[in-house]
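The values are calculated or read from the model by the stated rules, or taken from the named source; none is laboratory data. Given the structure is predicted, the values throughout are model-derived calculations rather than measurements. Cβ placement follows ideal geometry from the backbone for every residue including glycine, while neighbour counts extend to all protein chains displayed.
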C-alpha cells in the first residue's frame, strides 16, 4: 500500500480546501462557518454532552438517551451529506487517480480516505465524542469504549452516506429516474410526519418501531458506549456487521457501471415546445427565452428540482397547514406555502442564472445584442417555468383546504404567491450579478451556491414560510381573508421591485462582465 | 493580392488587470482579405487582445477599429459582421449541435429557414449529423468543429479564430483550410492565433508577433518565405517562421541533467 502517496493526496485535498478560502466569498464563508462551528462545538461539547449525560444518569436511562442522540446525529450527518453534498464529494475521482502510480485497491482506499477525512465528518465526531465524554464524567460510560463506539459509528456513517448517494445516482440515471427519485425523497421526508400521529395513538406500534431501531448502527453505538455487559458486545457486533455490510454494498455499487442513456433517434428534430412557448415573447427575446428554457430543462439539476417541487408543494400545503392547526392559524401557514410556491421549482438557478452556463457564457457578449437582454430573458424563462406551481398549490388548496372556502382568501393566497415569486426572482437578479458561482448543471444533489446565493435562497424560504405564521401569531387579524388587500399591495410592490431589478440589472451585466466571465469560466 | 482597406486597426491598446499589464501599447493594422496570424508565447496577451477586439473585455486605453468603424463592447452592428471562435469554444454543453448552431444563427439575425438550411449543411460537411449526443458528450475535436461552424454560420466579414486547428483530425483541418481560403478570396479577413507555426506559415499572408506583456515585436509579410526563401531581420536571415519567432520571443535553453 502506497501510504506515502495517499498521505500526499490527503494533504493536497486540504490545500485545495484552503485555496478555496482565498476568494472573498470563501473568506466570509470560512469566517462564519468557523465562528458558528466554534460556538456550536463549545455549546454542544459543554452542554450537549454533559447535559445529556447528567440528564441520562439522573433518569437512569443513559443507554436510551445516548441511542436517541446518536440516532439524531447519524441521521443529520447522513441527510446533510447526501442532500447537500458535504463530505462525500470525492476530491479525486478514480480517473484522476489513475495518473498516479497506485493500484486499483490503493486508488479506492485513497478515494475513500480523502472523503472520510473531510472536515465535515470531524464536526459530527466532535459532537459524538462530547456525548461520550459527558457520559464518562458522570460515570455512565467507560471512555475507551465510548471512543471506540464513536469511531465505528463515524465509519458506518461515512459508508452509509456513500452507499445512499451512489444508489440515488444509479436510480437517477435510469429511465424516468429524475421523477422517481424526487418522489422517493419526498416520501421519506414526510414519512415521520405521517407516522407520528399514528404512533402517538397506538403505543403498541410505537414499541414495535422502537424495537426495530435496536438494529440500527446508532443504537449499537449507544449500547457500546454505555454498557459493560453482553449488551456492549451486542452493540460492537452490530456496528461491525453494519460496516461490513455497507462496505460490501458500496463495493458492489462501485463495480456496477452507471447506465448511459441511449437516444432513440439520431435525426435532427426542429420543432420543440420551447420554441412554441417562447414565440409569445417576440422575436429577439423569444429566441433567448427558448434558449434558456431548453438549457434549463436539459440540465439534470433543474429537472430534479423541478420534479421535486411537484410532490413537495401539495405535501407542504397539506401537512404544514394541518400541523399548525393545533397551535396556530392554518390560513397564515398557507400564506407562507403559497409565497414559496413560485420559488421551489428552480430556486438554485434563480439566484445563480449564469453560474450553470459554463463556457457558453462568453457567447452572450459576442452576440450582436444587449447582454442585459440575456439576463432579462433568463429571468423571464425561469419565471415562466415556475409559474405553473402556484396554480398547483391553488388546486390543492381548493380540494383539501382545512378552512371553509372564501374567494377573498383565495385572492390573498394568489397575491402571496405573486409576491413571493416576483420578490425572489427580483432578488435572484442581484445575486446572479453580485454572488455568482460556477456550478455543474448536471450535479443533482449538493449545495454549490455562493454565500450570497445561499443567504438569498435559504433566508427567503425561511422568512416566507415562518413569517406569515409569526405575523398571524402576534398580530391576529392581519392575515385574514378580510384583509386580502394587504398582501395584494405587497404583491404590487414586489412586481415593481422585479421590474426595477430587471431594468437596472441589464446595464450591470455589461459593467461586470469581466468579473462574471472570470467566475463562470472558473478563473476566479 | 489586392488589399483594398484595413479590416482591423488597433491603436495604442493597453489592457491592465489591476497592477498587471496584459497588453502594453499595442498598435497594428490588418489588411482586408488576408489570413493574419497573431502569434506570441503563452501569457503574452493574445487572448486578451482578441477579447478586446471582440468586445469581451474593455481596453484600459487605446482605440480599436473594425471594418473602418470604431469598435467597443456595445457595437452590435459590427458584431453582426464578425465571427468568433473563442479559445474556450463557448459551447452550451446540455444542447445538441443543431440546437446550438440554430441558436447562434438566429442570434446573428438569420431567418429561420436560412438558419435551418445552413445548420444542416454545416453539420453534414463537418460530419456532425448524429444528434443523439449533447455537446458535453462530444470529443474535443468534434467540439472544435461545432465552435468553428458557429463562427462562420452567419457569413461574417471578419473571422477571429483562437487556436482553431488543435485537436481536429487532418481531414477536418483540410476542410476548414479550404473554407478559409475561399473566405479570404471573397475579400473577407481571418485573424487567427496558433502555436503551430508550420500551419501559420502555410496559411497566413501576414503575421504579428507579440511578446510578454502584449508588446508588438514584429509584423510583416510572410509570403516572403515562399517568394525569396528567407526573411532578413536584424541583419540575420531566417528561412522559416519558427526560428524567427524563437529569436523574437527569447529562445530559452535549459538543460536538466536528470532528463
Query raised in the report: Quick check: is even one residue across region A:307-324 surrounded by 20 or more Cβ atoms within 10 Å (Cβ to Cβ), within 26 Å of residue A:376 (Cβ to Cβ) and assigned by TED's automatic domain parsing to the domain that holds residue A:488?
Result: yes
Query raised in the report: What are the residue pairs meeting all of these: first residue in region B:128-148, first residue at the interface with another protein chain (Cβ under 8 Å from one of its Cβ atoms) and farther than 19 Å from residue B:161 by Cα, second residue modelled with pLDDT of 90 or more and not in a loop (DSSP other than H, G, I, E, B), Cβ atoms under 6 Å, and 6 or more apart or on different chains?
Result: B:129/B:123; B:131/B:96; B:131/B:98; B:134/B:96
Query raised in the report: What single numbered condition from (1) more than 14 Å from every other protein chain (Cβ to nearest Cβ); (2) under 17 Å from residue A:457 (Cα atoms); (3) surrounded by 24 or more Cβ atoms within 10 Å (Cβ to Cβ) fails to hold for residue A:355?
Result: (1)
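For (1) within 13 Å of chain B (Cβ to nearest Cβ); (2) in a helix (DSSP H, G or I); (3) more than 20 Å from the chain's Cα centre (by Cα), each residue gets a yes or a no:
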site: A:333; (1), (2), (3): no, yes, yes
site: A:349; (1), (2), (3): yes, yes, no
site: A:363; (1), (2), (3): yes, yes, yes
site: A:390; (1), (2), (3): no, yes, yes
site: A:395; (1), (2), (3): no, yes, yes
site: A:404; (1), (2), (3): no, no, yes
site: A:411; (1), (2), (3): no, yes, yes
site: A:429; (1), (2), (3): no, yes, yes
Query raised in the report: Take the residues of region A:438-476 that are out of contact with any helix residue (DSSP H, G or I) (no Cβ under 7 Å at 6 or more places or on another chain) and not in a helix (DSSP H, G or I): which is farthest from residue A:352 (Cα to Cα)?
Result: A:476
Query raised in the report: Going by the structure shown, is residue A:436 in the same structural domain as residue A:341 (by TED's automatic domain parsing), over 18 Å from residue A:336 (Cα atoms) and surrounded by 20 or more Cβ atoms within 10 Å (Cβ to Cβ)?
Result: yes
Report task. Restrict the check to region B:32-41 and report whether at least one residue is more than 11 Å from chain A (Cβ to nearest Cβ) and without any contact (Cβ under 8 Å) to a residue 60 or more places away in the chain. Result -> no
Report summary line: Of (1) closer than 24 Å to residue B:177 by Cβ; (2) buried (at least 22 other Cβ atoms within 10 Å of the Cβ); (3) not assigned by TED's automatic domain parsing to the domain that holds residue B:21, residue B:140 satisfies every one except (2)
Requested in this report: Could you tell me whether residue B:118 is touching a strand residue (DSSP E or B) at 6+ places or on another chain (Cβ under 7 Å) and either in contact (Cβ under 8 Å) with a residue 24 or more places away in the chain or farther than 20 Å from residue A:287 by Cα (or both)?
Outcome: no
Query - Top-ranked residue of region B:79-113 - restricted to ones that are more than 7 Å from every other protein chain (Cβ to nearest Cβ) and assigned to a helix (DSSP H, G or I), ranked as surrounded by the fewest Cβ atoms within 10 Å (Cβ to Cβ) - result: B:113
Report summary line: Of the conditions (1) crowded, with 16+ Cβ neighbours inside 10 Å; (2) closer than 30 Å to residue A:294 by Cα, the single one that residue B:45 does not satisfy is (2)
Report task. Please identify the pairs in which a residue from region A:124-142 that is in contact (Cβ under 8 Å) with a residue 40 or more places away in the chain has its Cβ atom under 7 Å from the Cβ atom of a residue that is part of a loop (DSSP other than H, G, I, E, B) and surrounded by fewer than 24 Cβ atoms within 10 Å (Cβ to Cβ), counting only partners at least 6 apart or on another chain. Result -> A:142/A:228
**Report entry** Single residue of region B:60-78 satisfying the filter (without any contact (Cβ under 8 Å) to a residue 24 or more places away in the chain and part of a strand (DSSP E or B)) that is farthest from the other protein chains (Cβ to nearest Cβ)
**Finding:** B:70
Query raised in the report: Does residue A:502 count as at pLDDT 90 or above, surrounded by 13 or more Cβ atoms within 10 Å (Cβ to Cβ), over 25 Å from residue A:409 (Cβ atoms) and within 14 Å of chain B (Cβ to nearest Cβ)?
Result: no
Report task. Can you give me the ranges of the strands (runs of 3 or more DSSP E) entirely in region B:147-215 with at least 3 residues that are under 23 Å from residue B:226 (Cα atoms)? Result -> B:189-193, B:206-211
Query raised in the report: Can residue B:70 be described as more than 23 Å from residue A:358 (Cα to Cα) and surrounded by fewer than 22 Cβ atoms within 10 Å (Cβ to Cβ)?
Result: yes
Report task. Would you mind stating whether residue B:14 is in the same structural domain as residue B:129 (by TED's automatic domain parsing) and outside any loop (DSSP other than H, G, I, E, B)? Result -> no
Report task. Filter region B:114-127 down to the residues that are more than 9 Å from chain A (Cβ to nearest Cβ) and surrounded by 19 or more Cβ atoms within 10 Å (Cβ to Cβ), then identify the one that is nearest to residue B:78 (Cα to Cα). Result -> B:115
Requested in this report: Would you confirm whether any residue within region B:155-172 is under 13 Å from the mean Cα position of the chain (by Cα) and closer than 24 Å to residue A:268 by Cα?
Outcome: no
Requested in this report: Report the residue count in region B:244-259 for those that are closer than 24 Å to residue B:30 by Cβ and surrounded by fewer than 16 Cβ atoms within 10 Å (Cβ to Cβ).
Outcome: 1
